[in-house]
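Participant: Mind having a look at this structure? Questions to follow.
The values are calculated or read from the model by the stated rules, or taken from the named source; none is laboratory data. Note that the structure is predicted; figures quoted are calculated from it, not measured. Using ideal geometry, Cβ is built from the backbone for each residue, glycine included, and neighbour counts are taken over all protein chains shown. Only protein heavy atoms, including side chains, enter the accessible area calculation; ligands, DNA and RNA are left aside. Shrake-Rupley method; radii C 1.70, N 1.55, O 1.52, S 1.80 Å.
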Amino acid sequence: MGIVTGSFSLGSYEAPVGAALAEMKKRHIIERIWAKDHTVWKSDPKEITNRLGWLESPKVMAGKLHEIDALVEAVRADGYTHTLLLGMGGSSLAPEVFRKIFGVREGYLDLEVLDSTDPGAVLAYAERFDIQKTLFIVSTKSGGTVETFSFMKYFYNIVEEALGPDQAGRHFIAITDPGSKLADIAEMYHFRATFLNDPTIGGRYSALSYFGLVPGALIGIDIKTFIDRAIMVANEELSGEMANAGGIHASFLGAVLGELAKAGRDKVTFIFSPHIAG
């Protein structure tokens with residue numbers, strides 16, 4: 001059920017990819033990745049063992065969905081209609097993809113992402129939104145990204161001037177790592193909510209953490225089903241069900257990309273149906 005349907009033709013690369021898959025199975029690569037065995041990559045655990053939190057993220061987040069749901073219901077009840085995510089790089093990618101693919105469910109908040117420091121882009125967002133009905137998501141793993149902080153200061157000043165210091169913080173939430181500067185700022189300015197993410201998850205691997213799920217829930221994605229399916233696919237991959245069934249699965253894709261890269265083929269194009277092209 002979790003296997004991606006599609007077609008592929010490897011031509012002369014079929015044999016080396018098949019050999020790579022057999023070697024992965026022989027060396028228990030998938031099982032070792034799930035066990036967070038750094039020797040899959042190199043002997044030194046530095047910058048490996050502390051960056052594999054994405055493996056368990058769906059299961060961990062399954063126990064935290066009530067926090068996200070509570071926020072979503074609160075802002076809907078307060079009449080918010082839009083949310084603007086302030087972020088750069090990894091923290092902004094998944095929300096943007098979710099918005100393009102899922103759209104906005106009726107009665108939920110429309111989402112846009114500001115990840116450009118171009119003055120014209122910033123001004124365009126400032127002029128387009130109804131401040132009274134807008135929730136700002138300040139999203140940065142490090143909690144110190146200069147561009148994101150500049151966005152936050154700019155929009156906070158606008159909201160504070162329009163609504164007063166007592167109400168401004170209610171229009172902001174923070175998503176960051178524990179102990180970050182942003183977490184302190186959010187407390188100081190009485191943000192509506194702060195979501196502290198697992199620090200062992202990198203920004204570009206954070207779709208199934210607070211960084212992706214909070215914005216996703218705000219636009220109306222059924223994040224419980226989303227997480228349940230992610231857990232299902234992860235379990236199938238770990239158990240070897242996908243590999244045994246054939247098809248396009250994570251192990252297969254990894255072997256294809258690795259073997260073709262070794263052969264000098266350093267470009268890959270994925271052709272999807274229009275609905276999920278984003």
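Participant: Any idea which residue in the range 153-169 is most open to solvent (accessible area, probe 1.4 Å), counting only those that are touching a residue at least 24 places away in the same chain (Cβ under 8 Å) and within 12 Å of residue 131 (Cβ to Cβ)?
Facilitator: Checked the range 153-169; the qualifying residue most open to solvent (accessible area, probe 1.4 Å) is 162.
Participant: Follow-up. Determine whether the range 144-155 contains at least one residue that is more than 19 Å from the chain's Cα centre (by Cα) and among the basic types (Lys, Arg).
Facilitator: Among the residues of the range 144-155, at least one is more than 19 Å from the chain's Cα centre (by Cα) and among the basic types (Lys, Arg), which makes the answer yes.
Participant: Counting only residues that are acidic (Asp, Glu) and more than 23 Å from residue 230 (Cβ to Cβ), which one in the range 184-205 is surrounded by the most Cβ atoms within 10 Å (Cβ to Cβ)?
Facilitator: Restricting attention to the range 184-205, the residues satisfying the condition of being acidic (Asp, Glu) are 184, 187, 198.
Keeping just the survivors that are more than 23 Å from residue 230 (Cβ to Cβ) gives 184, 187.
On the way: 184: 14, 187: 12.
The residue in question is 184.
Participant: Related question: The conditions are (1) at pLDDT below 95; (2) within 26 Å of residue 220 (Cβ to Cβ); (3) not in a loop (DSSP other than H, G, I, E, B), and residue 68 fails exactly one of them. Which is it?
Facilitator: Just one mismatch for residue 68, condition (1).
Participant: I'm checking my understanding of the structure. Among residues of the range 102-125 that are more than 20 Å from residue 175 (Cβ to Cβ) and in contact (Cβ under 8 Å) with a residue 60 or more places away in the chain, which one is least open to solvent (accessible area, probe 1.4 Å)?
Facilitator: Step by step, filter the range 102-125, then rank; the result is 103.
Participant: Can you give me the number of residues within the range 266-278 that are under 28 Å from residue 23 (Cα atoms) and in contact (Cβ under 8 Å) with a residue 12 or more places away in the chain?
Facilitator: Residues meeting the conditions: 0.
Participant: If you don't mind, another one. Given the condition among the basic types (Lys, Arg) and in a helix (DSSP H, G or I), answer yes or no: does some residue in the range 46-57 qualify?
Facilitator: So the first thing to find is which residues in the range 46-57 are among the basic types (Lys, Arg), and the list is 46, 51.
Then keep just the ones that are in a helix (DSSP H, G or I); that gives none.
Looking through the range 46-57, none of the residues is among the basic types (Lys, Arg) and in a helix (DSSP H, G or I).
Participant: For residue 229, indicate whether it is in contact (Cβ under 8 Å) with a residue 40 or more places away in the chain, within 20 Å of residue 102 (Cα to Cα) and surrounded by fewer than 19 Cβ atoms within 10 Å (Cβ to Cβ).
Facilitator: Details: in contact (Cβ under 8 Å) with a residue 40 or more places away in the chain: yes; within 20 Å of residue 102 (Cα to Cα): yes; surrounded by fewer than 19 Cβ atoms within 10 Å (Cβ to Cβ): yes.
Yes.
Participant: Of the conditions (1) open to solvent by less than 80 Å² (accessible area, probe 1.4 Å); (2) of a type outside the set (A, V, I, L, M); (3) within 26 Å of residue 73 (Cβ to Cβ), residue 150 fails just one. Which one is it?
Facilitator: Among (1) open to solvent by less than 80 Å² (accessible area, probe 1.4 Å); (2) of a type outside the set (A, V, I, L, M); (3) within 26 Å of residue 73 (Cβ to Cβ), residue 150 violates only (3).
Participant: Here is a further query. Taking residue 218 as the residue in question, decide whether it is modelled with pLDDT of 90 or more, farther than 22 Å from residue 81 by Cα and either out of contact with any Lys or Arg (no Cβ under 9 Å at 6 or more places or on another chain) or open to solvent by less than 60 Å² (accessible area, probe 1.4 Å) (or both).
Facilitator: no
Participant: OK, next. Among residues belonging to the range 35-45 that are of a type outside the set (Ser, Thr, Tyr) and in a helix (DSSP H, G or I), point out the one that is farthest from residue 199 (Cα to Cα).
Facilitator: 40
Participant: Taking helices (runs of 4 or more DSSP H) that fall entirely within the range 117-230, which contain at least 3 residues that are more than 20 Å from residue 95 (Cα to Cα)? Show your work before the answer.
Facilitator: Working: elements: 119-128, 146-163, 165-168, 181-188, 210-218.
By residue number, 119-128, 146-163, 165-168, 181-188.
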